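Enquirer: Here's a structure for you.
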Amino acid sequence: MAGLFPRPARVVVPGAVHLPNWLDPERQRVLAGACQRWGDEAGGFRAPKLPRRGQMSVGITCLGWHWLPYRYSRTVDDGDGRKVPPFPGWLGTWSKEALEAAAAVEEEAVEEGAGASFVADQDRDGIPETGPIGCHGPLAGEVAGFAPDVALVNRYTPGSSMGLHADKDEASWAPVVSFSLGDSAVFRFGNTTNRSRPWQDITLESGDLFVFGGPVRRAYHGVTKVLPGTLDASLGLDLPPGRFNVTVRQSGFE
Ligand SMILES: O=C(O)CCC(=O)C(=O)O
């Protein structure tokens, strides 16, 4: 069932692009099955303990490299110590296609002049100067060298959320590609300086793609809430209540 309101692809700020419904229903079904399988193979999604800030409410399992606060390892160092499953080639292919699609949306926005106005908005709101973006968006230059090798598979049970944070544990500054599945969520995309405003709240629905890189690669972001019962049943996804998110990154490690 299509929503009542159109949700066009949009440049949120230069370097950050939201592409609603980018995963078609068949790809959503494939990813939903894979998420559940990855969780089962890992013995469940584990909620990491944060030094000084308690336990996360989101369960995570990783592919390629294991993330634990605040580093990566090849084994599950904060769990059973097992070897991390490989990062799947097909997920890398989807992620490269996703980055290309996001860069194309940005190019279009720049051609229409929207990019320039976003830079002006950023200046007004106190986001650090990103520099002129010329005739290309910041993502265009990231496409050729993009070699993702790690995925964090996040499992949000109803009521869980993720606090504002910046993804700083990768050595690479290559973009982050994020796929959403299941119930919708309010995703907060902030600035590169701190956890305060300015930020934008964006509803991510099942099948949505969000990409961020370039000047906003280390922007603060998080999920303030999951909206229960919002998954479109006609998609035929066999998912438990709540949400999955798969964030794909390039570690930059040997
Ligand atoms: O669930 C989301 O949409 C965001 C996930 C996230 O911020 C992360 O994995 O770092």
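Enquirer: Give the number of residues within the stretch 7-20 that are within 14 Å of the chain's Cα centre (by Cα) and in a loop (DSSP other than H, G, I, E, B).
Expert: Adding up the residues that qualify gives 2.
Enquirer: Regarding the stretch 236-250, can at least one residue be identified that is more than 13 Å from the ligand (Cβ to nearest atom), under 15 Å from the mean Cα position of the chain (by Cα) and not hydroxyl-bearing (Ser, Thr, Tyr)?
Expert: yes
Enquirer: Select from the stretch 92-102 the residues that are free of Cβ contacts under 8 Å to residues at least 24 places away in the same chain and under 12 Å from Leu19 (Cβ atoms) and list them in ascending order.
Expert: The one that is free of Cβ contacts under 8 Å to residues at least 24 places away in the same chain and under 12 Å from Leu19 (Cβ atoms): Glu97.
Enquirer: Given Val186, Val177, which one is more than 9 Å from the ligand (Cβ to nearest atom) and free of Cβ contacts under 8 Å to residues at least 60 places away in the same chain?
Expert: Exactly one residue qualifies, and that residue is Val186.
Enquirer: Would you check which residues across the stretch 148-172 are closer than 25 Å to Glu100 by Cβ and touching a helix residue (DSSP H, G or I) at 6+ places or on another chain (Cβ under 8 Å) and list them?
Expert: Answer for the stretch 148-172, where residues must be closer than 25 Å to Glu100 by Cβ and touching a helix residue (DSSP H, G or I) at 6+ places or on another chain (Cβ under 8 Å): Pro148, Asp149, Ala151, Val153.
Enquirer: Which residue out of Gly59, Gly89, Gly3 is touching a residue at least 40 places away in the same chain (Cβ under 8 Å) and within 20 Å of the chain's Cα centre (by Cα)?
Expert: When all the criteria are applied, what remains is Gly59.
Enquirer: Now a separate question. Got a number for residues in the stretch 48-95 being among the basic types (Lys, Arg) and either within 15 Å of Phe253 (Cα to Cα) or outside any loop (DSSP other than H, G, I, E, B) (or both)?
Expert: The qualifying residues number 4.
Enquirer: Among the residues of the stretch 158-186, which ones are of a type in the set (D, E, K, R) and farther than 23 Å from Phe253 by Cβ?
Expert: Asp183
Enquirer: Under 6 Å by Cβ, and 6 or more places apart or on different chains, what pairs join a residue from the stretch 204-219 that is modelled with pLDDT of 95 or more with one that is among the aromatic types (Phe, Trp, Tyr) and away from the ligand (no atom under 13 Å from the Cβ)?
Expert: Correct list of pairs: Leu209/Trp22; Arg217/Trp173.
Enquirer: Being free of Cβ contacts under 8 Å to residues at least 12 places away in the same chain and of a type in the set (S, T, N, Q) is the requirement here; does Ser196 meet it?
Expert: So Ser196 passes the test.
The values are calculated or read from the model by the stated rules, or taken from the named source; none is laboratory data. Source: prediction; values computed, not measured. Cβ sites come from the backbone with ideal geometry, for glycine too, and all protein chains shown count toward neighbours.
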